[in-house]
1. Enumerate the calculated ³J(HN,Hα) couplings along region 88-96 in order (Karplus 6.51 cos²θ - 1.76 cosθ + 1.60, θ = phi - 60°), each rounded to whole Hz, writing x wherever the residue is Gly or Pro.
2. Extending each Cα 7 Å along its Cβ direction at Arg68 and Val190, get the distance between those two points in nm, one decimal.
3. Run the quick spin-label model on Met94 and Ser125: label points 7 Å from Cα toward the beta carbon, then report their separation in nm to one decimal.
4. How much FRET efficiency would the formula 1/(1 + (r/R0)^6) give for Cys48 and Ala225, where r is the Cβ-Cβ distance and R0 is 41 Å, rounded to 0.05?
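Every number in this text was worked out from the coordinates using simple rules, so none of it is lab data. The structure displayed is predicted, hence computed values, not measured ones. Note that we place each Cβ from the backbone using ideal geometry, even for glycine, and neighbour counts take in every protein chain shown.
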Amino acid sequence: MAAEQQDERSAGGTAPDDEPGGRPGAGEGEPRYLVLGPLEVRRAGAVCTPSQLKRRALLAILLLHANRLACAEMLIEELWDGHPPRSAQATLQMYVSGLRRTLDPGHGRAGGDPRRHPVLRTAGSGYVLRVEPGELDLDRSRARAARGRDLRTAGDCAAASAAFSAALAMWRGRPLADLGPARLPAYYAVRLEEERLALVQDRIGADICAGRSREVIAELAELCARHPLREEFHEQLMLALAGSGRRAEALDAYARVRRVVVEDVGIEPGPGLQAVQRALLGGLRPTGPEHGRCPGPRLLQPTAS
């Protein structure tokens, strides 16, 4: 569990709600949507997540298509895994009505036109869920990650690491953890988990570039064990070990991952891993962090004569 806890760490505690275009601490009464973990809907500080599983699955799909048309045909296909009942259209409409009451109960009580619902509107052949900037945890995480990439490009890897950590702090566990493949197509959770791992990789790369190699070695060792075919983590482990003066262990790490890749996939490791190995074998040594508009860590420099 150590890697998961470190994945979600934030820089200096509470992460700021200052994403570009966002609304810091949006007003009371506005919903908050959380998909980076168990699905939650919060309104006025209280949790008001739908209890019915199919309705929660519908909300999750709409959130992942936020501010875009989700056609009814697609929703039916995904909610019933390609085997919808004859009543699917009517049942979908019933689920939508229930979500509208959850998301804005006052609109229905006031006799509002459901087609003009302020949050979930009928549009053409489907529905559009309106999500304002900052209302969806996934959007907040992506905004912080974009800030991290900008800082990394500018060469400030320490600040980039803090921004990536703030992005990871939005994740409360496995995305949509309460909605298994029986309720939601598996590729949604797979896509989000891939996004999280890429963010972890960005944060660790910024840490290494900022000169914190020793701090990430244990985390990387666990990530490599969890994801044995994800070569980027193995490459980062080699860089971190080399940056900590542990060249022999870095070469051992290459030998281990090469064994796994050759046995499981039948090919040699990719060019990134091979480049780090060649650098180490060629007498190169790690130096301090390289800043100045660095798109990624450049830690291996010729050994001084």
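1. 4, 4, 5, 5, 4, 4, 5, 4, 4
2. 1.8
3. The answer from the label model is 2.5 nm.
4. The calculated FRET efficiency here is 0.55.
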